1. Within the set of pairs 6+ apart or on separate chains, which have a first residue in region 1-22 that is within 15 Å of residue 86 (Cβ to Cβ), a second that is at pLDDT below 95 and surrounded by fewer than 17 Cβ atoms within 10 Å (Cβ to Cβ), and C-beta atoms under 6 Å apart?
2. Anything in region 88-102 that is more than 16 Å from residue 35 (Cβ to Cβ) and either in contact with a Ser or Thr (Cβ under 6 Å, 6 or more places away or on another chain) or touching a residue at least 40 places away in the same chain (Cβ under 8 Å) (or both)? List them, or say none.
3. For a quick check of your reading: which strands (runs of 3 or more DSSP E) sit entirely within region 6-50 and have at least 1 residues that are more than 12 Å from the chain's Cα centre (by Cα)?
4. Taking the stated definitions as given, is residue 90 in contact with a strand residue (DSSP E or B) (Cβ under 6 Å, 6 or more places away or on another chain), at pLDDT 95 or above, of a type outside the set (Phe, Trp, Tyr) and open to solvent by 20 Å² or more (accessible area, probe 1.4 Å)?
5. Can you name the residue in region 59-82 that is part of a loop (DSSP other than H, G, I, E, B) and surrounded by 14 or more Cβ atoms within 10 Å (Cβ to Cβ) and is also modelled with the lowest pLDDT among such residues?
6. Residue 37 passes all but one of (1) among the charged types (D, E, K, R); (2) open to solvent by 30 Å² or more (accessible area, probe 1.4 Å); (3) closer than 16 Å to residue 4 by Cα; which number fails?
7. Output the residue which, of all residues in region 103-116 that are surrounded by 15 or more Cβ atoms within 10 Å (Cβ to Cβ) and closer than 15 Å to residue 22 by Cα, is farthest from the chain's Cα centre (by Cα).
8. Failed condition for residue 100, given (1) touching a strand residue (DSSP E or B) at 6+ places or on another chain (Cβ under 6 Å); (2) surrounded by fewer than 18 Cβ atoms within 10 Å (Cβ to Cβ); (3) assigned to a loop (DSSP other than H, G, I, E, B), with all others met?
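The values are calculated or read from the model by the stated rules, or taken from the named source; none is laboratory data. Just so you know, these numbers come straight off a predicted model, no measurement behind them. When we count neighbours, we look across all protein chains shown, and the Cβ atoms used for this are built from the backbone with ideal geometry, even at glycine. Side chains included, ligands, DNA and RNA excluded: accessible areas come from the protein's heavy atoms. Shrake-Rupley method; radii C 1.70, N 1.55, O 1.52, S 1.80 Å.
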Amino acid sequence: VQLQASGGGLVQTGGSLRLSCVVSARMFNIYDVSWYRQAPGKQRELVAEVTDTGTVNYADSVKGRFTISRNHTKNTVSLQMNSLKPEDTAVYYCHALDSWSGSELWGQGTQVTVSS
């Protein structure tokens with residue numbers, strides 16, 4: 001199983017970006033997939049997650065601005081980020097948890113930079 005994250009970049013305050021994480025797994029539907037972020041000097045934090053059953057959760061700081069979704073045809077989980085703020089600047093990581101075995105893996109990070 002591999003995770004391939006993409007979609008980061010530089011955007012101005014108030015702008016939007018869409019991150020994508022392709023999960024190369026035969027049984028995509030058993031994975032809980034999340035996006036985490038880590039800003040310089042800070043701990044990695046959960047941004048949003050979508051479980052294998054479709055339940056979604058968001059960090060309070062992104063509620064109403066970010067939307068996570070999964071596409072079972074493309075084995076992809078996307079994070080639509082709107083109304084971006086400078087404090088959203090971080091490296092964003094895709095994370096997948098096999099809900100059957102408990103095994104987990106991380107994708108490579110993608111940089112998101114929001115200029116003020």
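1. From residues that are within 15 Å of residue 86 (Cβ to Cβ), the pairs are 13/116.
2. 98, 99, 100
3. It comes to 9-12, 17-24, 31-38.
4. No: the conditions fail for residue 90.
5. It comes out as 75.
6. (2)
7. Checked region 103-116; the qualifying residue farthest from the chain's Cα centre (by Cα) is 105.
8. In the conditions (1) touching a strand residue (DSSP E or B) at 6+ places or on another chain (Cβ under 6 Å); (2) surrounded by fewer than 18 Cβ atoms within 10 Å (Cβ to Cβ); (3) assigned to a loop (DSSP other than H, G, I, E, B), residue 100 misses (1) alone.
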